[in-house]
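Working notes for the structure below.
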């Protein structure tokens, strides 16, 4: 969140666990929410964010599994150029009551691929929108490169191990001294 821990999430969709039914839930971010998420995540823009989610009760926990779809523009990790990216990602989450959270965190378990990411919730409600936003940021490749990346690498000597770039030059200078 952009303004401290108490700030409201940019993409909030509160769901009461007592209203969980069999029908899948579809959520989507508005233009203003997309703009706020882009700022929060350091992206050029978020053009679209939507998700279809199936919710299931497991005792007091709520299991959420779904697919998110997003169109974003991020900066190329090498050139800094705008890089449009389409993201489709499956996610699975477990919402755990706040009163059980300390016990859940304290358990030392080895997680497998089938295990769910867990998020605490307070009372009977959880924020499905914020969970989708967090899933989006985890799906973004922070090292994505665009079509000009190789050219920039070449210009900066990053593609030639003999040149080694600025770090190699600095190390070579230290060896001389």
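What follows draws every value from the coordinates through simple rules; no lab data is involved. Keep in mind that this is a model prediction, so the values were computed, not measured. All Cβ positions, glycine included, derive from the backbone under ideal geometry; neighbour counts span all protein chains shown.
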Simple SL model, points at 7 angstrom along Cα→Cβ for residue 18 and residue 148; separation in nm is 5.6
Suppose the chain between residue 137 and residue 101 were pulled fully straight at 0.36 nm per residue; how much longer would it get relative to their current alpha carbon spacing?
10.7 nm
Which value, in nm² and rounded to one decimal, describes the direction-averaged projected area of the C-alpha convex hull of region 14-146?
9.1
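Please find the FRET efficiency linking residue 56 to residue 88, where r is the Cβ-Cβ separation and R0 is fixed at 35 Å, and quote it to the nearest 0.05.
Working: r = 22 Å, r/R0 = 0.63.
About 0.95, to the nearest 0.05.
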